[in-house]
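Working notes, structure below.
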Amino acid sequence: MGPYCKFCGRRCFVYLSMETPKEALEAYGTSTIIATCREGQAYEKSLTGWCLNDIQAAIKAKDPALQR
């Protein structure tokens, strides 16, 4: 399967969504997975300026149907 997270010890990664903002895709470069655990997200945010929660918020902000 996939790699184990160095922070939580699980396979906490998910694939970047097709709706991921262009800026986030560019920040992640060739990586296609993103951490879901709190510590992994904090680490990725420190490296790229983005984390899963930021990406999900940006997607939600662009799509009125998701703002319920």
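Just a few scattered comments:
- Restricting the range 1-28 to residues that are more than 19 Å from ILE59 (Cα to Cα) and touching a Lys or Arg at 6+ places or on another chain (Cβ under 9 Å), the residue that is modelled with the lowest pLDDT is MET1.
- Residue count for the range 14-42, restricted to those that are touching a Leu at 6+ places or on another chain (Cβ under 6 Å) and farther than 17 Å from TYR4 by Cβ: 0.
- Some residue of the range 4-27 being small (Gly, Ala, Ser), free of Cβ contacts under 8 Å to residues at least 40 places away in the same chain and in contact with a Cys (Cβ under 6 Å, 6 or more places away or on another chain): no
- Residues of the range 3-28 satisfying the condition of being open to solvent by 50 Å² or more (accessible area, probe 1.4 Å), in a loop (DSSP other than H, G, I, E, B) and not basic (Lys, Arg): PRO3, TYR4, PHE7, MET18, GLU19
- Matching residues in the range 29-42 - criterion: being modelled with pLDDT of 95 or more, of a type outside the set (D, E, K, R) and open to solvent by 90 Å² or more (accessible area, probe 1.4 Å): none
- In the range 29-41, the qualifying residues are those that are part of a loop (DSSP other than H, G, I, E, B) and touching a residue at least 24 places away in the same chain (Cβ under 8 Å), and the one that is farthest from ALA58 (Cα to Cα) is CYS37.
- Boolean, ILE55 is at pLDDT below 95, in contact with a Ser or Thr (Cβ under 7 Å, 6 or more places away or on another chain) and open to solvent by less than 50 Å² (accessible area, probe 1.4 Å): no
- In this entry, LYS45 is excluded by the filter for residues that are more than 16 Å from CYS5 (Cβ to Cβ) and surrounded by 11 or more Cβ atoms within 10 Å (Cβ to Cβ).
The values are calculated or read from the model by the stated rules, or taken from the named source; none is laboratory data. The structure presented is a predicted model; accordingly, all values stated were derived computationally and were not measured. Cβ sites come from the backbone with ideal geometry, for glycine too, and all protein chains shown count toward neighbours. Surface areas here come from the heavy atoms of the whole protein model, side chains and all, with no ligands, DNA or RNA. Shrake-Rupley method; radii C 1.70, N 1.55, O 1.52, S 1.80 Å.
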